[in-house]
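S.K.: Submitted below is the structure of interest, expressed as structure tokens.
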Amino acid sequence: MQPQQLAAMIDHTVLKPSATGSNIDKLCEEAAQYEFMAVCVNPVWVGRCRDRLAGTHVKIASVVGFPLGANRTDIKVEEARRAIDDGACEIDMVVQLGELMSGNTGFVRDDIAAVAEAVHAASPGYILKVILETATLTNDQIVAGCKCSVEARADFVKTSTGFHASGGAKVDHVRLMHRAAAPLAVKASGGIRTLASIKSMAEAGATRIGCSAGPKIMDLIRRLTL
């Protein structure tokens, strides 16, 4: 993997509730410096990122229904629209986890579809990623979540918020999602802190990686490819 390939996979992420303006400014500076694909931030910071990243190729992603996924569908839709109005072009929404685990796939599909419609209505090139929180699901539930995402016309399925007690991304889950969610892409996130982890996730089928350790990993791969 070349440095440019790695940078093009990374959503440089700060989602901690304690994040400050200076944290967000640093995130944007690093994203521009390393030419990451996107920054991923809570909705309150989208406008600041838009201003800081003006003139760069770095995209802005924001989260919806984060981190629990338990908001009403109309609230998720409004969150997505407001984030887009503020400058986001990618939305990472959390699935309604309880409904997915209960087998209510019709509700889950419709919840995703409403947000997907809002995102794509803003621009056909805008992207919706669906966070399944895979570490707390069975394989059958992961497959069901992937199928709901396909039927709802999302663009990506994503492993984790990084906030669930069950953990984050696992290679086996990424591999399963890659198969079950085709033709959707897969984003791995949650606990990914090393180059080896990124390589494993990419080999399993992930094309986007959400992490906060991107600069350290980029510095390492640049040294390795000198």
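Read-outs throughout are calculated quantities, based only on the coordinates presented, and are distinct from any laboratory measurement. None of these values were measured; they are calculated from a predicted model. With ideal geometry, Cβ positions are generated from the backbone for all residues, glycine too; neighbour counts draw on all protein chains shown.
S.K.: Here is a check on your reading of the model: is residue 73 in contact with an Asp or Glu (Cβ under 6 Å, 6 or more places away or on another chain) and polar (S, T, N, Q)? Before you say what the answer is, go through the steps one by one.
M.R.: On the way: in contact with an Asp or Glu (Cβ under 6 Å, 6 or more places away or on another chain): yes; polar (S, T, N, Q): yes.
In short, yes.
S.K.: Give the residue, chosen from 101, 93, that is aliphatic (A, V, I, L, M) and closer than 17 Å to residue 44 by Cβ.
M.R.: 93
S.K.: Another question, if that's okay. Wholly within the stretch 1-94, which helices (runs of 4 or more DSSP H) include no fewer than the required count, namely at least 1 residues that are buried (at least 24 other Cβ atoms within 10 Å of the Cβ) and touching a strand residue (DSSP E or B) at 6+ places or on another chain (Cβ under 6 Å)? Walk me through it before giving the result.
M.R.: Working: elements: 3-7, 21-34, 46-52, 73-86.
Ranges flagged: 21-34, 46-52, 73-86.
S.K.: Scan the stretch 202-226 and report the pairs whose first residue is without any contact (Cβ under 8 Å) to a residue 24 or more places away in the chain and whose second residue is crowded, with 21+ Cβ neighbours inside 10 Å, with Cβ atoms within less than 8 Å and a gap of 6+ or a chain change.
M.R.: Listed pairs, sorted by first residue: 213/192.
S.K.: Restricting to the stretch 119-163, and then to whatever is in a helix (DSSP H, G or I) and of a type in the set (Val, Ile, Thr), can you tell me which residue is nearest to residue 41 (Cα to Cα)?
M.R.: Top of the filtered list is 119.
S.K.: Okay, moving on. What number of residues within the stretch 174-226 satisfy the criterion of being among the aliphatic types (A, V, I, L, M) and over 22 Å from residue 135 (Cα atoms)?
M.R.: Residues flagged as among the aliphatic types (A, V, I, L, M) and over 22 Å from residue 135 (Cα atoms) within the stretch 174-226 amount to 6.
S.K.: Still on this structure, I have one more. Which of the residues belonging to the stretch 124-174 are charged (D, E, K, R) and closer than 13 Å to residue 184 by Cβ?
M.R.: 129, 147, 151, 153, 155, 158
S.K.: Considering 135, 83, which residue is over 21 Å from residue 178 (Cα atoms), among the hydrophobic types (A, V, I, L, M, F, W, C) and touching a Ser or Thr at 6+ places or on another chain (Cβ under 7 Å)?
M.R.: Among 135, 83, only 83 is over 21 Å from residue 178 (Cα atoms), among the hydrophobic types (A, V, I, L, M, F, W, C) and touching a Ser or Thr at 6+ places or on another chain (Cβ under 7 Å).
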